[in-house]
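First the structure, in the form of structure tokens, and then the observations on it.
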Amino acid sequence: MSELKEKWQQKTEDYGFKVKIPSDLLSTFDEHNPNDPLTKQFIPSIDESKGDGLIDPLQEHDIIHGGIIQKYKHRVLITTTGACAIHCRYCFRRHFPYEGNSILKHLDQLIQYLSDHPDINEVILSGGDPLMLKNHHLKKIFDALQSLKTINIVRFHTRIPTVLPKRIDYAFKQLIKEYNQWHWVIVTHVNHANELNDQNKLAIDTLKSLGITMLNQSVLLKDINDTVDTLQTLSLKLFNHGILPYYLHQFDPVKGAMHFEVPMSKGRHLIKELQTVLPGYLVPKYVQEQPGQPNKTIL
Ligand code: SF4
């Protein structure tokens, strides 16, 4: 274990949310810079001890049944695992009841649900991080979905291609190739250009070579990406990696992470400015998920 990893894991209070960072990524942190955007996202801060914020900001805990969450028409989200390759300190699911909600234990229920709702044509694999599952577990899910003619889009929400790019290996590539009847979409999660490097570019190239549509969602985070310059650089670097900026999320007010919140007025201003320095296709939609609404709210 590197000295740095040891320092963070043993000497840092984790406020009930374990510190987890892949070693290769940790080596890119600028440990001498307290404002390093990676340190700020993944290393706990004493601000996490403050009691404000909500345990379940998106009101998901009561609507999830056996790993199935349906918020919007025509698509359903499934929680595949509670595990992630990295723990983001601002995660809105940091208090999520993953136990009992792994879809692998409820595949029959999922197929029944999708059969009863033939209008659903897209399945979103979420978590945790769905790419933490072993390939044979993913295959089990894909084989179950394959029995339905109504599904034609399968989407992953994952941080793995950028934080643990070696996961995108030959075996994964072969697995995806087996299911060429679907449109595949991967929504990565990158908040700052420093998260993109030559190693993860190779992983993204592999995914692109499979014809997968690559999109990115970011969260607007205080002192991490809340300037025009930072967001502009992020969009340009994502584009260089072959990924289109999709959403910039307003922070979800989760307990223990309120110090990341950026006022909405500032977010709106940033987007307005971004529109003047980027082509429209590189300006993400600034959105907020409001529980109970039929779609994300554009801010
Ligand atoms: S990878 Fe996603 S689910 Fe996991 S901690 Fe980060 S934001 Fe949360």
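Taken together, Ile103, Ile111, Ile186 contain a single residue that is free of Cβ contacts under 8 Å to residues at least 60 places away in the same chain, under 30 Å from Ile224 (Cα atoms) and either surrounded by 20 or more Cβ atoms within 10 Å (Cβ to Cβ) or out of contact with any Ser or Thr (no Cβ under 6 Å at 6 or more places or on another chain) (or both), which is Ile186.
Just one residue in the set Asp116, Asp169, Asp129 is acidic (Asp, Glu) and either under 27 Å from Lys40 (Cβ atoms) or buried (at least 18 other Cβ atoms within 10 Å of the Cβ) (or both); that residue is Asp129. So is Lys73 more than 16 Å from the ligand (Cβ to nearest atom), touching a residue at least 40 places away in the same chain (Cβ under 8 Å) and loosely packed, with under 15 Cβ neighbours inside 10 Å or not? So Lys73 passes the test. Looking across Ile204, Ile153, one residue alone is at pLDDT 95 or above, buried (at least 21 other Cβ atoms within 10 Å of the Cβ) and of a type outside the set (Phe, Trp, Tyr). It is Ile204.
Scanning for something away from the ligand (no atom under 16 Å from the Cβ), touching a residue at least 60 places away in the same chain (Cβ under 8 Å) and buried (at least 17 other Cβ atoms within 10 Å of the Cβ), does region 135-143 turn up at least one residue? Yes, that holds for at least one residue. Going by the structure shown, is Thr206 farther than 27 Å from Asp108 by Cβ, without any contact (Cβ under 8 Å) to a residue 60 or more places away in the chain and either within 16 Å of the ligand (Cβ to nearest atom) or of a type in the set (Ser, Thr, Tyr) (or both)? Here the answer is yes, as Thr206 does meet what is asked. Please specify each residue of region 88-123 satisfying the condition of being hydrophobic (A, V, I, L, M, F, W, C) and under 27 Å from Leu38 (Cα atoms). Across region 88-123, the qualifying residues are Cys88, Cys91, Phe92, Phe96.
The values are calculated or read from the model by the stated rules, or taken from the named source; none is laboratory data. What you see is a predicted model, and the numbers here were worked out from it, not measured in a lab. Note: ideal-geometry Cβ built from the backbone for every residue, glycine included; neighbour counts use all protein chains shown.
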